[in-house]
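Beneath this line is the structure, given in structure tokens, with notes to follow.
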Amino acid sequence: MKPLKPLDEALADLLAKAAVLPDIETITTFDADGRVLAQACVSALQVPPNDNSSMDGYAVRCADVAAAGVELPVSQRIAAGTAGAPLRPGTAARIFTGAPVPEGADAILMQEDCEALAAAAVTGDGGLGDWGRVRVNAVPRLGQWVRRAGEDITRGAVVLQAGTRLSPAELGLAASIGLHQLQVSRRPRVALFSTGDELVMPGEVPPEQMRPGAIYNSNRFFLRAMLLRLGCEVTDFGIVPDRRDATIDALRQASSAHDLILTSGGVSVGEEDHIKPAVETLGTLDLWQIAMKPGKPFAYGQIPHADGATHFMGLPGNPVSSFLTFALLVRPFVLRLQGVVNVAPQPVAARADFNWPKADKRREFLRVRHNAAGGLELFSNQSSGVLTSAAWGDGVVDNPAGQTIATGDTVQFIAFSELLS
Ligand code: AMP
Ligand code: MG
């Protein structure tokens, strides 16, 4: 038997084949959530554009407020969106959050520290005092409540790098430098099919009429959902029967218009497993035994067509194996097709509140979830067919080969948010 292939090696091999899709689309920033930037966003301006107030209150010169209780005439009123004039010495400017700090002012007093005094009668002194007077009940610190021009973004700064996967905060950031459109990678086109004569689609046969040996197709539901979350366009080829000719037909149909063909089931080496001979009829295939649990069988191949080749990936049929090999191998691959640079999930240290006394030869991914005490609890049944474990859990413990776990041990936790989105 071939030696098992380490998961990291399998991932490195796959990423080496994941050439970034060359096509770029221009889309509105509104529509860019989840898409991947094909071009860096460079700021043509500084943000904020000028020094501005972070409080409703009064702009002053600190030199004019040596002690609490000083009274100053209010010489102007500056609302957000207006510019104001240089601050006349010995006066205060009424100012509102986001309004530019007038030239000459060097601090803002929040209105809670001030007392507005009645407007003086028109004084004929050129407007001085038309806005009333203010008593300042606190001594300002130089620069207080002033947001500095450019403190968020300097002009010319690369605000977002090419290869960034956009999420809501990034959309706001792009908008803050005036970008209403963004250049993103094209969505990968993925053909999805399941193999297995035992499979029935939910909705086609009610539970009480399922024939002996039949099971519902569950893999198709989570695989499709995960692909969509990763920005793919999914074509669903349904269930392919366990026959070589049918499998070849489906592959041939799928190969020309897709970047990736993804299947589940049929990658073991039983005589009902037709994926390997079928892909090899049309192209090439490597069948890997990956040193992970659940998981193990995984296939990567290529099917050539008129202008290139379509990637092929075959996942194991057991639902949890399928789920985890997708999360750990297919997910990084389809992200890289879109140009994402950082495709590795981020593990964090966590405390095991369970025992795992039996070490395995393979690296294990144990379904766990956080308890209220901040530790991790283990799902009672870690079998590769028990999909309940994945729905119950909020992530997996990445447990090295040959490792047991005792309550209180520090383990590496990978949240499903790192694997499924
Ligand atoms: P296979 O890899 O085809 O040998 O399948 C391994 C196990 O996974 C068998 O018990 C199959 O019935 C089950 N299985 C395969 N495909 C699916 C699917 N799409 N949904 C649920 N179970 C599946
Ligand atoms: Mg099968």
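The values are calculated or read from the model by the stated rules, or taken from the named source; none is laboratory data. Here the structure is a predicted model, which is why all the values come from computation and not from measurement. Ideal geometry is used to build each Cβ from the backbone, glycine not excepted, and the neighbour counts take in all protein chains shown. Surface accessibility is based on the protein's heavy atoms, side chains included, excluding ligands, DNA and RNA. Shrake-Rupley method; radii C 1.70, N 1.55, O 1.52, S 1.80 Å.
General remarks:
- Listed cross-link partners Lys17/Lys361; Lys276/Lys296; Lys293/Lys361 are compared with a 18 Å cut-off, the Cα-Cα value being larger for Lys17/Lys361.
- Asp307-Ser54 FRET efficiency (beta carbon distance; Förster radius 60 Å; 0.05 resolution): 0.60
- Around Gly178: net Lys/Arg minus Asp/Glu count, Cβ-Cβ under 15 Å: -1
- Dividing the summed helix terms, -39500 (n - 2.57) for each DSSP H run of n ≥ 4, by the number of residues in the chain produces a 222 nm estimate of -5000 deg cm²/dmol to the nearest 500.
- For Arg369, neighbours were defined as the other residues whose beta-carbon sits under 10 Å from its Cβ, and their charges (Lys and Arg +1, Asp and Glu -1) total -1.
- Virtual spin-label span in nm between Glu71 and Leu228, 7 Å along Cα→Cβ: 6.8 nm
- Degrees between helix 219-229 axis and first principal axis of the chain (Cα, 0 to 90, nearest 10): 30 degrees
- Euclidean distance between Cα centres, segment 222-260 to segment 333-349, Å: 23 Å
- Our summary gives segment 348-421 a relative contact order of 45 percent, counting only alpha carbon pairs under 8 angstrom and 6 or more residues apart.
- Inter-probe distance in nm under a simple model that places probes 7 Å from Cα toward Cβ, at Ser218 and Ala19: 3.9 nm
- Segment 1-116: relative contact order in percent, alpha carbon pairs under 8 Å with at least 6 residues between: 27 percent
- Rounded to whole numbers, the Karplus 3J(HN,Hα) couplings from phi for segment 277-286 are x, 5, 5, 5, 5, 9, x, 10, 8, 10 Hz, using 6.51 cos²θ - 1.76 cosθ + 1.60 with θ = phi - 60°, and x at Gly and Pro.
- Loop sites in segment 237-327: GluC sites (Glu not before Pro), DSSP, at most 15 other Cβ within 10 Å: Glu271, Glu272
- Pairs of Cα atoms nearer than 8 Å and 6+ residues apart set the relative contact order; for the chain it is 16 percent.
- For Lys5, the aspartates and glutamates whose Cα falls under 18 Å of its own Cα, not counting residues fewer than eight places away in the same chain, are Asp13, Asp286, Asp360, Glu364, Asp398.
- With all protein chains in place and a 1.4 Å probe, the accessible surface of segment 310-354 carries 53 percent carbon and sulfur.
- Within segment 64-90: backbone nitrogen closer than 13 Å to the Glu115 label point (7 Å, Cα to C-beta): 68-72
- Long-range HN-HN contacts of Val159 with modeled amide H, under 5 Å: Cys41, Val42, Ser43
- Modelled FRET efficiency - R0 51 Å, His180 with Asn381, Cβ distances, 0.05 increments: 0.50
- A crude spin-label estimate for the pair Ala138 and Thr284, with each label 7 Å from Cα along the Cβ direction, gives 7.0 nm.
- Portion, in percent, of the accessible area of segment 1-60 that falls on carbon or sulfur, probe 1.4 Å: 58 percent
- Kirkwood-based shape ratio for segment 149-194, expressed as Rg/Rh from alpha carbons: 1.16
- From the C-alpha gyration tensor of the chain, square roots of 5λ in Å: 62, 26, 18
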